[in-house]
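This report refers to the structure that appears directly beneath it.
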Amino acid sequence: MFKSIELSVGIFVGAGLAALFMLAMQASNLSSISSDGFYEISARFDNIGGLRVKSAVKVSGVKVGQVKAIDYDSESFEAVVTMQVEDKYNQFPKDTIASVFTSGLLGEQYIGLEPGGDEKLLGNQSEIRHTQSAMVLEQIIGQFLFSKASENDNQGF
Amino acid sequence: MAQPLVQIRNLHFARGDKIIFDGVDMDIQAGRITAVMGPSGTGKTTLLKLIGGQLIPDQGEIIVDGQNVHRLKRADLYRLRKKMGMLFQSGALLTDLSVFENIAYPLREHTNLSDSMIRSMVLIKLQAVGLSTAHGLMPSELSGGMARRVALARALALDPMMIMYDEPFTGQDPISLGVLVKLIRDTNHALKLTSILVSHDVTETLSIADDVTIISEGKLVAHGTRDEIMHSESPWVRQFVDGEADGPVPFHYPGDSIEHQLMQEVK
Amino acid sequence: MIHPVNSLTRLGRGTLFLLKVLAGIPQLFVRFGLVTKQMYSVGVQTLLIILVAGLFVGMVLALQLHYTLSTFGAEDTLGLLVDLALVRELGPVVAALLFAGRAGSALTAEIGLMKATEQLSGLEMMAVDPVERIIAPRFLAGFLSLPLLAAIFSAVGILGGYMVGVDFLGVDSGAFWSQIQAKVDFYDDVMNGVIKSIVFGFIVSWIAVFEGYDCLPTSEGVASATTRTVVNSSLAVLGMDFVLTAIMFN
C-alpha cells in the first residue's frame with residue numbers, strides 16, 4: 001500500500017515541477033532570453049518618454065536586446081540608456097541611429113536601431129552618437145496647435 | 001521497607017481557579033499494585049500525568065526511581081518515560097496504524113532491533129494479552145476492551161518497571177472487565193512490575209490492589225493496604241467504598257439551597 | 001469575543017510552537033517516509049479540486065477579459081492578461097484558499113482528534129515527541145505541497161484560458177503565446193508568484209497544525225479549531241497577499 005502512496009506522491013511532485021517548467025519556458029520570457037552573451041552599448045537622449053528597464057531594443061522590428069539601465073547625467077542634462085545586445089547581432093556600424101519609438105498608438109515604448117553606412121562597427125561599451133528622443137504626445141499636439149494658430153494669424157493679416 | 005518507587009511530596013496543582021491538589025503526600029511501593037481512588041473529577045488522571053512529567057506541578061515534587069521528574073532535562077525525562085508504561089482510558093492507539101504496527105512503534109522508535117526480532121516481540125506481547133491473532137486489524141475494528149488490551153501490550157513493549165492504568169475498567173462489559181482484572185494482576189506479578197491504578201470502580205479495584213489511596217477535594221483522605229481500607233472506620237472511606245449517596249461528600253452540588261432558589265422564583 | 005491579551009498570548013504560543021516544529025524538521029530527512037505519507041493526504045488529495053478550479057478560473061478569465069478587450073480591439077493581449085492574473089495573483093491566492101479549506105481543515109481535525117483521543121499524550125508517554133513525529137511531517141508536507149499546487153493551478157488555468165480564447169473565441173494562437181513570452185517576466189512575475197505560494201504554504205500549514213495541537217480536546221473544541229483554521233488562514237493569506245504584492249510589484 002505504501003508503494004502506491006509513494007507513486008501517487010511522485011506523480012504529484014512531477015506534475016508540480018512540470019507546471020513550474022511550463023510557467024518558466026512557455027508562459028514567460030525565460031525562453032526568449034538567449035543564453036548567449038551580451039555586449040553593452042549606451043546612448044544619450046534628451047527625453048526617453050516612457051522607456052523602462054527591460055524595454056525591448058529592436059532593429060527592423062526584430063528584438064535584439066533590452067534596456068539594462070537608465071541613468072540621468074546631471075552635467076549634460078541628458079538621459080543615459082545602457083542596452084544589452086545579444087552577441088550574435090554585433091554588426092552595427094558606428095553611425096547607427098537610436099530612437100525611442102512607441103509600438104502602436106498607446107503601446108509600450110522601445111528603442112529602435114537604424115544602421116548607418118560606416119565601415120567601423122559598434123563594440124562593447126561604445127556609445128551611439130546619433131539619437132532621436134521620444135515623441136511626447138503633448139508636445140506634438142502643442143506644436144500642432146501652435147502652428148495652426150500661427151497659420152490663422154497669418155490669414156488674419 | 002524498601003525505598004518507595006514513587007514519592008510524592010507536598011503536591012500542589014491548580015487548573016485555572018480550580019485547585020486539584022492541595023498538598024498531597026504519597027508513596028508508591030515497588031512491586032505492588034497501588035490503587036488511587038476517588039470521586040470523578042478529583043484529578044486522578046491528572047496525578048498520572050504529573051507522575052509522567054506531562055504536567056508540571058505548581059509546588060512540591062515527584063520523585064520516580066530516585067529522579068525528580070520535573071527537574072529532569074528533556075532527554076533524561078524521555079529516558080525515564082521509557083521505563084514507565086501508561087495505559088490510557090481510550091487506549092490511545094494510533095488510529096492510522098494496525099495493531100501490529102502500534103505495538104511495534106515504541107520498539108522501532110527506541111531500539112535497533114531487526115524486523116524479525118520486532119515481529120517476534122510484538123507477537124509475544126500480543127500473546128500475553130490473548131490477541132495474537134488480531135495483529136492485522138486496525139484500531140477502529142477493535143472493541144473498547146480489545147483496544148485496552150492492545151494498549152497494554154504496547155505499554156509492555158519496552159519492558160517498563162512500572163505501568164500506570166488510567167480508568168481501565170470504565171465502560172466495560174463484565175467479561176472484558178474480568179479479562180482486564182486478570183491481565184493487570186497477572187502482568188504485575190509475572191513481570192514484577194509496579195502498577196498504579198486509577199479508578200473509581202470499587203469492587204474490581206479492591207479485588208486486585210495491594211495498597212489503596214483515596215483522594216477527595218485535593219487532599220489525601222485515606223491511605224493503607226487493602227485490608228486496612230476495607231475495614232476502615234473513616235466516614236470518607238465508608239462512603240466511597242460502600243457507595244452511599246450522602247456523607248462527607250455531599251449529594252448536592254454546593255450552592256444556593258433549593259429553598260432559597262424557589263423563594264427567588266416567587267419574588 | 002476577541003480579547004487583545006488572549007490574541008497576543010495565542011500568537012506567542014503559536015510562535016513558540018512553530019520554533020519547536022522547525023527544530024523537528026531536520027531529522028525528517030532521515031525519515032522522509034513520514035513526509036511522503038503526509039504529502040499524499042495533503043497534496044495528492046487536494047490535486048483534483050485544484051485542477052478543476054484552475055481550469056474553470058482560467059476559462060472564466062478568458063471569457064471576461066475577451067469581452068472587455070474586444071471593445072478596444074486588443075484581443076491579442078488576452079493570453080498575456082490571463083497569464084499575469086494567474087501567475088501573480090490568482091494561482092497563489094486561490095490555490096492557498098482551496099488548500100486551507102481542503103487540506104488545512106483536515107490537518108487540524110486530524111491532529112485535534114489525535115489530541116482528544118489521547119494519542120498525542122500516548123506518544124509522549126512512549127518517550128516519543130509528538131511534535132517531531134506527528135506535527136513536523138504534516139507541516140513540512142503542507143509547506144512543500146502548496147507551491148506545487150499553485151504552479152499546477154496556474155498552468156492549468158493558462159491552458160483553460162487558451163482553450164476558451166483560442167479554440168472558442170478565435171484569438172490567434174501565435175499572438176496568445178508571443179504576447180505572453182514577450183511581456184511576462186520570469187523573475188518579476190513567475191518567481192514572485194512562486195515566492196507568494198511558498199509564504200502562503202508556510203502560513204496555512206502553521207495555522208493548521210497549531211490550531212489542531214492547541215485545540216480543546218473535545219468534539220466542540222476540534223470543530224471550532226477546524227473553523228478557525230479555515231477562517232484565520234484565509235484571512236492571513238489575503239492579508240499577506242496585499243503586503244507581498246505591495247513589496248514585489250510597487
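The values are calculated or read from the model by the stated rules, or taken from the named source; none is laboratory data. Here the structure is a predicted model, which means the values were calculated and not measured. Neighbour counts run over all protein chains shown; Cβ positions are idealised from the backbone, glycine included.
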- Item | Cβ pairs under 6 Å, 6+ apart, first in the range B:80-91 and under 13 Å from C:Leu123 (Cβ atoms), second aliphatic (A, V, I, L, M) and assigned to a loop (DSSP other than H, G, I, E, B) | B:Arg81/C:Ala127; B:Lys82/B:Leu158; B:Lys82/C:Ala127
- Message: Scan the range A:14-37 and tell me whether some residue there is modelled with pLDDT of 90 or more, farther than 30 Å from C:Thr77 by Cα and within 13 Å of chain C (Cβ to nearest Cβ).
- Response: yes
- List, please: which pairs have Cβ atoms under 6 Å, are six or more places apart or on different chains, and start with a residue in the range B:42-66 that is under 14 Å from B:Leu77 (Cβ atoms) and end with one that is in a loop (DSSP other than H, G, I, E, B)? B:Lys49/B:Leu55; B:Leu50/B:Pro57
- Of residues in the range C:160-181 being in contact (Cβ under 8 Å) with a residue 12 or more places away in the chain and at the interface with chain A (Cβ under 9 Å from one of its Cβ atoms), the one nearest to the chain's Cα centre (by Cα): C:Ile180
- Item | Tally, over the range A:39-72, of residues that are surrounded by 15 or more Cβ atoms within 10 Å (Cβ to Cβ) and in a strand (DSSP E or B) | 17
- Query: So which of B:Asp17, B:Asp76 ends up being modelled with pLDDT of 90 or more and over 20 Å from B:Leu193 (Cβ atoms)?
  - Reply: B:Asp76
- Query: Picking from B:Gly130, B:Gly144, which residue would you name as being touching a helix residue (DSSP H, G or I) at 6+ places or on another chain (Cβ under 9 Å) and within 14 Å of another protein chain (Cβ to nearest Cβ)?
  - Reply: B:Gly144
- Go through (1) within 14 Å of chain B (Cβ to nearest Cβ); (2) crowded, with 16+ Cβ neighbours inside 10 Å; (3) out of contact with any Ser or Thr (no Cβ under 6 Å at 6 or more places or on another chain); (4) farther than 23 Å from C:Leu149 by Cβ and name the single condition C:Ser41 misses. (4)
- How many of the residues in the range C:170-183 are crowded, with 17+ Cβ neighbours inside 10 Å and closer than 18 Å to C:Leu69 by Cα? 7
- Message: Just the residues that are facing chain B (nearest Cβ under 7 Å) and small (Gly, Ala, Ser), please, taken from the range C:109-130.
- Response: C:Ser121, C:Gly122, C:Ala127
- Within the range C:184-196, is even one residue closer than 30 Å to C:Pro130 by Cα, in contact with a helix residue (DSSP H, G or I) (Cβ under 8 Å, 6 or more places away or on another chain), modelled with pLDDT of 90 or more and more than 12 Å from chain A (Cβ to nearest Cβ)? yes
- Item | Pairs, first surrounded by fewer than 18 Cβ atoms within 10 Å (Cβ to Cβ) in the range A:1-28, second assigned to a helix (DSSP H, G or I) and at pLDDT below 85, C-beta under 6 Å, six or more apart | A:Ala24/A:Leu30; A:Met25/A:Ser31
- Task: Test C:Ile25 against the criterion of being in contact (Cβ under 8 Å) with a residue 40 or more places away in the chain, within 29 Å of C:Gly91 (Cα to Cα) and over 15 Å from the mean Cα position of the chain (by Cα), and give yes or no.
- Result: yes
- Message: Suppose the filter is part of a helix (DSSP H, G or I), surrounded by 14 or more Cβ atoms within 10 Å (Cβ to Cβ) and within 14 Å of another protein chain (Cβ to nearest Cβ); does B:Leu152 pass it?
- Response: yes
- Task: Identify the residue in the range B:178-219 that is of a type in the set (D, E, K, R) and in a helix (DSSP H, G or I) and, among all such residues, is surrounded by the most Cβ atoms within 10 Å (Cβ to Cβ).
- Result: B:Glu204
- Item | Filter pass, C:Phe29 being modelled with pLDDT under 90 and away from chain A (no Cβ under 14 Å) | yes
- Answer yes if at least one residue in the range C:182-191 is outside any helix (DSSP H, G or I) and of a type outside the set (A, V, I, L, M, F, W, C), and no otherwise. yes
- Message: With the requirement that a residue be closer than 15 Å to B:Lys83 by Cα and crowded, with 23+ Cβ neighbours inside 10 Å, what does the range B:24-50 give you?
- Response: B:Leu48
- Message: Can you say whether B:Thr170 is over 30 Å from B:His12 (Cβ atoms) and outside any helix (DSSP H, G or I), as far as the supplied structure shows?
- Response: no
- Message: Against the definition (within 21 Å of C:Arg10 (Cα to Cα), assigned to a helix (DSSP H, G or I), within 12 Å of another protein chain (Cβ to nearest Cβ) and of a type in the set (Gly, Ala, Ser)), how does C:Gly201 come out, yes or no?
- Response: yes
- Task: Could you check how many residues of the range B:81-106 are at the interface with chain C (Cβ under 10 Å from one of its Cβ atoms) and in a helix (DSSP H, G or I)?
- Result: 4
- Message: Show me the strands (runs of 3 or more DSSP E) found entirely inside the range A:73-157 where at least 1 residues are farther than 30 Å from C:Thr77 by Cα and of a type outside the set (A, V, I, L, M).
- Response: A:78-86, A:126-128, A:130-132
- Message: Quick check on the range C:113-125. Is at least one of its residues β-branched (Val, Ile, Thr) and in a helix (DSSP H, G or I)?
- Response: no
- Within the range B:226-245, can one find any residue that is in a strand (DSSP E or B) and either touching a Phe, Trp or Tyr at 6+ places or on another chain (Cβ under 6 Å) or polar (S, T, N, Q) (or both)? no
- Picking from C:Leu235, C:Leu216, the residue that is away from every other protein chain (no Cβ under 12 Å), within 20 Å of C:Thr9 (Cβ to Cβ) and within 14 Å of the chain's Cα centre (by Cα) would be C:Leu235
- Pull up the range B:3-22, narrow it to residues that are without any contact (Cβ under 8 Å) to a residue 12 or more places away in the chain and not acidic (Asp, Glu), then point me to the one that is surrounded by the most Cβ atoms within 10 Å (Cβ to Cβ). B:Lys18
- Mind listing whichever residues of the range C:78-108 are surrounded by fewer than 24 Cβ atoms within 10 Å (Cβ to Cβ), within 14 Å of chain B (Cβ to nearest Cβ) and in contact with a helix residue (DSSP H, G or I) (Cβ under 6 Å, 6 or more places away or on another chain)? none
